[in-house]
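Student: My structure is below; once you've seen it, I'll send some questions.
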Amino acid sequence: MGVDRVRWGIVATGNISTSFTEDLAVLGDEAVATAVSSRSLESANKFADEFGIEHRYDDWRRLIDDGHVDVLYIGTPHPQHYAIARAALQAEIAVLCEKPVTLTAKQARDLVSVAHENNTLFAEAMWMRTNPVIQAFFTDLAKGTIGEPTDALADFGFHKPQLPARLLDPALGGGSLMDGGIYPMTFVHMALGNPDELKAVGSLNDDGIDLNVAMSWRYDSGAVAAITCGLRSQHPFTASVSGPEGSLLLPSRFHNPPYYIRSTAAGQERVDVPAHGLGYHYEAAEVMRALRAGQIECPALPHAATIEILELLDQTRRQIGVSYPGDDEYLGG
Ligand SMILES: NC(=O)c1ccc[n+]([C@@H]2O[C@H](COP(=O)([O-])OP(=O)(O)OC[C@H]3O[C@@H](n4cnc5c(N)ncnc54)[C@H](OP(=O)(O)O)[C@@H]3O)[C@@H](O)[C@H]2O)c1
């Protein structure tokens, strides 16, 4: 694609759409938000006025049909991602969709197929993968600084007296696992790969929403990992990986960390890596790089990992008994 300035369309005007659009400004003239859709025109207009966006819609279908964008960013609750991403890809508009990109692996596999059929870029907005501190952390790990990694620990959980309604609503894909658990799962998947065995336990509320979850992953290599997530308490929010020569630790909040800590026989060292903005412009830049290169997969946000992690989420949900409307059609395929 020969575009100098990539035109972004934003679907939804909630929290993450606001942060993402704010961070697009870090990319200067390379990126511009040209369209926004909301369920209400009033909200679309307010968002558009705040960010200087030209085209405003009260329906994402019209945003897609009007063709004023090169790439769509989807910031709705998880259950809405699939239909919107599918429609955009079928219209040959590239997609960067919030995590989890779908509720099930089957849906994610379908979106990857649709991306291929339409030769159009598709990526999950798993922003921690593009974070410079995290990239330096994994470069360090790959160098063998701590030897062959055998153990990982990762945790993501918080509590607020008034939790956002979507986190407690099954119809909106609520629960700690899909919202937060996907981050420590991604960390361990990056550190140790796809596990050979997964065991999970969780506490659910009366609506069947998981309030906290603990997972154990085992690898035939002998490696193991412990992963926790929750909505009931303030967690340490750290992630670490260990090997015979030492450990690497991402401090709170590990998915957007201020630095990392390397502990080896040489001692303990804090490793600082320059980072700026809110942290979302890195994934946007990766998507734009892939778009310009004519790729349908962004190397930093790989399809295979998106699908494998959704398979692990499917398995975990089955083990702890969390289901969402539509699972009968999609789960387990
Ligand atoms: N990458 C990150 O750091 C990060 C952080 C938080 C969340 N997320 C992900 O981003 C997504 C949205 O999270 P959020 O925290 O931004 O949620 P949010 O503040 O509730 O915003 C979601 C927006 O989606 C739109 N929407 C469309 N259909 C909806 C429905 N049926 N019910 C409610 N809202 C609906 C609404 O915008 P309109 O009123 O304009 O239609 C709403 O404001 C989730 O998938 C979440 O996992 C990612």
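The values are calculated or read from the model by the stated rules, or taken from the named source; none is laboratory data. Everything numeric here is computed off the predicted structure, so don't read it as measured data. When we count neighbours, we look across all protein chains shown, and the Cβ atoms used for this are built from the backbone with ideal geometry, even at glycine. These accessible areas exclude ligands, DNA and RNA; they are computed on the full protein's heavy atoms, side chains included. Shrake-Rupley method; radii C 1.70, N 1.55, O 1.52, S 1.80 Å.
Student: Open to solvent by less than 20 Å² (accessible area, probe 1.4 Å) and under 18 Å from His255 (Cβ atoms) - does that describe any residue in segment 198-209?
Tutor: Scanning segment 198-209, I find no residue that is open to solvent by less than 20 Å² (accessible area, probe 1.4 Å) and under 18 Å from His255 (Cβ atoms), so the answer is no.
Student: Within segment 94-114, restricting attention to residues that are of a type in the set (D, E, K, R) and assigned to a loop (DSSP other than H, G, I, E, B), which residue is farthest from His281 (Cα to Cα)?
Tutor: So, considering only residues that are of a type in the set (D, E, K, R) and assigned to a loop (DSSP other than H, G, I, E, B), the one farthest from His281 (Cα to Cα) is Lys99.
Student: The conditions are (1) of a type in the set (A, V, I, L, M, F, W, C); (2) in contact (Cβ under 8 Å) with a residue 12 or more places away in the chain; (3) within 18 Å of Ala239 (Cβ to Cβ), and Leu111 fails exactly one of them. Which is it?
Tutor: Result: Leu111 passes all but (3).
Student: Then there is this: Which residues, counting only those in segment 116-141, are farther than 25 Å from Phe187 by Cα and either surrounded by 23 or more Cβ atoms within 10 Å (Cβ to Cβ) or among the acidic types (Asp, Glu) (or both)? Working first, answer last.
Tutor: Pass one, segment 116-141, residues farther than 25 Å from Phe187 by Cα: 116-120.
Once the filter is applied, which keeps residues that are farther than 25 Å from Phe187 by Cα and either surrounded by 23 or more Cβ atoms within 10 Å (Cβ to Cβ) or among the acidic types (Asp, Glu) (or both), segment 116-141 yields only Glu117.
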